[in-house]
1. Could you tell me which residue of the range 1-50 is nearest to Gly72 (Cα to Cα), considering only residues that are over 15 Å from the mean Cα position of the chain (by Cα) and among the β-branched types (Val, Ile, Thr)?
2. If I ask for residues that are charged (D, E, K, R), at pLDDT below 95 and in contact with a helix residue (DSSP H, G or I) (Cβ under 8 Å, 6 or more places away or on another chain), which ones from the range 6-30 would you list?
3. Would you check which residues across the range 19-50 are over 24 Å from Arg138 (Cα atoms) and basic (Lys, Arg) and list them?
4. Could you check the range 1-33 and list, in sequence order, the residues that are part of a loop (DSSP other than H, G, I, E, B) and surrounded by 18 or more Cβ atoms within 10 Å (Cβ to Cβ)?
Amino acid sequence: MARVEGAGVVLREFRREDVPVIHEWVNDTEIVRFLSWSTFPQTHKETERFVETQLDGNDPLTRAFVIALREGDRCIGTLGCHNIDWRSRVAEMGIVIGRRELLGKGHGTEATRLFLRFCFRELNLHRVFLRVFDFNERAIRSYLKCGFVEEGRLREAFFRNGEYHDVIVMGVLEDEFRAQSETPF
């Protein structure tokens, strides 16, 4: 698997030693409130199974990375794309920064830009899209900085904490990302 390096973060392969770190934040209510995972809390075995699936690399419709701080190579989150449609060259992206103290520091934005460059250059994708809850304003601002545009809204499609929320669908095309990219493509 490729290693993608940025100024502050690195996208790298999963490692078995990431399990305890990932397990800690997949069971943090402040982190998972922005995720659509149905398994909460998650058992240690479930976290191990998830990491093992990433290590197997046998799913041709998925590409995933650990987001690590460049200094110290410490796992702070994950991102990847799934349901890759190789014929249409489209994939759905997901990302999580799992350390509360690192939220809002720009690591997710940098990781997203690195990942999009990887998707468009290395995977030859044409379009990457994602879904985000309307209450996740910090993520929406980050996605806009990375070139995503709102493509649609699934009204009251997500129920959490006694309320319905809109799910916003955002996408970016290769030429749009290339046009706004700060680094040579």
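1. Val21
2. Let us first name the residues in the range 6-30 that are charged (D, E, K, R), namely 12-13, 15-18, 24, 28, 30.
Narrowing the set further to residues that are at pLDDT below 95 leaves 24, 28, 30.
Scanning the range 6-30 gives Asp28, Glu30.
3. Lys45, Arg49
4. Taking the range 1-33 first, the residues part of a loop (DSSP other than H, G, I, E, B) are 1-3, 6-8, 13-15, 27-28, 33.
Phe14, the sole residue that qualifies.
The values are calculated or read from the model by the stated rules, or taken from the named source; none is laboratory data. Note that the coordinates shown come from a computational prediction; the quantities given were computed from them, not determined experimentally. Backbone-built Cβ (ideal geometry, glycine too); neighbour counts: all protein chains shown.
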